[in-house]
Amino acid sequence: MAGVSALGGRVFNIEPGMALNSLGPFLLPGDDVRLLPGVHIPFTLLDVRGESGKPIVIRGYQTEADKPLPYVKGEAFSILLLRPRHVILRDLMVGNSSGPTVFIDGSIGATPVLEETPFDANLNVINLQIKQTVPAPNQTSIYLRSMQNVDVSNIAIKGWNNAAVVLDNCKRVGISQCVFDCAKNLPQYRGVTIRSGCEDISCMYDSFGTTVKVAFEIGVCDTTHQSPSADSSARPAQRILISHNAALECACFISLGSVDNCAIVNNSCIESTQYFCKADGVCGVPNFITFENNLITWVPGRLERISLVAQGIPPESIRLQRNLWWSEELPTAFEIVGKPFGVEIAPQVFDINPKVEMRGFIPVDPKARDFGWGQQISPTPTGTTQTPLQSQTPPQKPS
């Protein structure tokens with residue numbers, strides 16, 4: 001013990017190489033666990049419970065802004081939290097695991113996991129830097145299972161394999177102001193995967209670097225393998241908000257499976273390479289999907305289809321409010337790439353060249369500024385969201 005925390009709890013300084021696992025059963029509300037600069041071994045904490053107003057804080061401790069955050073190396077995982085409540089996890093660098101790098105699990109072992117009520121966590125995950133440089137087919141940067149009331153914000157991920165973030169049987173989770181930057185030697189199959197059964201999920205002000213296969217995958221019935229599981233009858237994902245996000249040169253911006261009531265609003269999908277939207281029907285049929293004020297651009301000859309939609313999915317399941325679609329090859333390209341799939345509630349915009357400023361993904365033409373992720377609002381009062389092109393070095397937060 002190294003003093004008293006600002007919340008009246010105890011301060012624990014963890015030196016590199018010390019086993020943090022054994023400390024878990026002794027932590028009390030208000031305690032501050034500080035991982036000191038250096039390389040730390042992976043750790044598991046079970047049933048760590050703070051209180052409202054007195055969370056338990058687990059954080060990296062680095063007072064020098066020009067020095068790297070404390071690093072938790074990866075094995076099967078880097079950090080595993082089982083059923084945490086009123087916990088703040090922040091200011092750490094983690095990476096190079098063979099499974100989920102940060103695994104936060106509220107499950108009690110039910111099969112399937114959708115039979116469980118998600119664990120009420122009141123958890124905050126803030127300012128993590130997650131770096132993966134080695135191939136590992138089951139690696140995911142952040143995996144949340146059977147959790148509710150979780151805020152994930154200001155995460156910088158550089159390279160991943162299966163998915164950057166997976167939500168499995170989760171409710172009331174927010175993912176905001178995260179930068180997902182790709183590594184050249186890794187597949188980056190999925191950005192954010194929201195499995196069927198998840199409810200009340202929001203993704204705002206997140207940005208994706210090049211080569212992501214699918215930026216957002218919603219209502220998917222399997223995230224562990226590239227082939228879908230047989231469990232396509234699970235309840236749909238419900239009440240999903242995808243708002244003010246940006247992706248550059250991703251193969252597909254959004255894939256829709258078993259999802260009901262999803263708003264895709266004010267996103268920028270710049271220079272798509274395969275599709276803007278995909279709904280293959282394998283995991284279920286999307287319903288009541290709204291696209292509004294999105295900005296979609298592509299280079300002539302690079303886009304295969306605007307929308308890749310399976311037969312049997314009714315057009316009325318997707319509602320098209322105003323969106324801006326731009327390529328130098330319009331309007332003749334509609335004969336090749338097709339028109340956006342869905343029922344037009346408002347006319348689509350095809351005749352404005354947004355002249356996108358590439359570092360910030362912001363349209364220069366004033367007539368296009370109502371479309372795309374823009375910077376009209378900010379979900380937090382501190383700073384503005386950066387894209388992978390703007391911030392190759394994630395910001396430090398000295399303690």
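The values are calculated or read from the model by the stated rules, or taken from the named source; none is laboratory data. Note that the structure is a prediction, hence the values are computed from the model and not measured. Virtual Cβ from ideal backbone geometry, glycine too; neighbours counted across all protein chains shown.
Miscellaneous remarks
- Among the residues making up the stretch 72-86, those that are within 18 Å of I14 (Cα to Cα) and crowded, with 17+ Cβ neighbours inside 10 Å are V72, G74, S78, I79, L80, L81.
- Residue in the stretch 322-330 that is basic (K, R), under 16 Å from I289 (Cα atoms) and in contact with a strand residue (DSSP E or B) (Cβ under 7 Å, 6 or more places away or on another chain) present: yes
- Matching residues, the stretch 87-115, being part of a loop (DSSP other than H, G, I, E, B) and either crowded, with 23+ Cβ neighbours inside 10 Å or touching a strand residue (DSSP E or B) at 6+ places or on another chain (Cβ under 9 Å) (or both): N96, S97, G99, G106, S107, I108
- Residue check, L69 closer than 16 Å to L36 by Cβ and either buried (at least 21 other Cβ atoms within 10 Å of the Cβ) or of a type in the set (S, T, Y) (or both): yes
- Selection within the stretch 360-370 - within 11 Å of I270 (Cβ to Cβ) and either in contact with a Phe, Trp or Tyr (Cβ under 7 Å, 6 or more places away or on another chain) or loosely packed, with under 12 Cβ neighbours inside 10 Å (or both): F361, P363
- Single condition E64 does not satisfy, out of (1) under 25 Å from W160 (Cβ atoms); (2) surrounded by fewer than 19 Cβ atoms within 10 Å (Cβ to Cβ): (1)
- Each residue in the stretch 116-126 was checked for being surrounded by fewer than 21 Cβ atoms within 10 Å (Cβ to Cβ) and either of a type in the set (D, E) or touching a strand residue (DSSP E or B) at 6+ places or on another chain (Cβ under 8 Å) (or both), and 5 pass.
- The set of residues in the stretch 276-300 that are part of a strand (DSSP E or B), of a type outside the set (V, I, T) and either crowded, with 24+ Cβ neighbours inside 10 Å or over 20 Å from the mean Cα position of the chain (by Cα) (or both) comprises F276, C277, A279, N287, F288, F291, E292, L295.
- Boolean, L45 is crowded, with 17+ Cβ neighbours inside 10 Å, part of a loop (DSSP other than H, G, I, E, B) and in contact with a Pro (Cβ under 9 Å, 6 or more places away or on another chain): no
- Whenever a residue of the stretch 149-168 is more than 17 Å from A121 (Cα to Cα) and among the basic types (K, R), its partners that are at pLDDT 95 or above and not in a loop (DSSP other than H, G, I, E, B), lying with C-beta atoms within less than 8 angstrom and at least six residues away or across chains, give the pairs K158/Q129; K158/I130; K158/K131; K158/D181.
- Residue check for V343: hydrophobic (A, V, I, L, M, F, W, C), in contact with a Lys or Arg (Cβ under 7 Å, 6 or more places away or on another chain) and either closer than 26 Å to S176 by Cα or loosely packed, with under 15 Cβ neighbours inside 10 Å (or both): yes
- Every condition in (1) in a strand (DSSP E or B); (2) more than 14 Å from the chain's Cα centre (by Cα) is met by K184 except one, and the failing one is (1).
- Tally of residues being more than 20 Å from V113 (Cα to Cα), part of a strand (DSSP E or B) and at pLDDT 95 or above across the stretch 248-267: 10
- Filtered residues of the stretch 3-17 (kept if outside any strand (DSSP E or B) and in contact (Cβ under 8 Å) with a residue 12 or more places away in the chain): S5, A6, L7, G8, G9, E15, P16, G17
- Only one entry of V152, V87, V113 meets the criterion of being out of contact with any Asp or Glu (no Cβ under 7 Å at 6 or more places or on another chain) and either over 26 Å from Y189 (Cβ atoms) or at pLDDT below 95 (or both), and that entry is V87.
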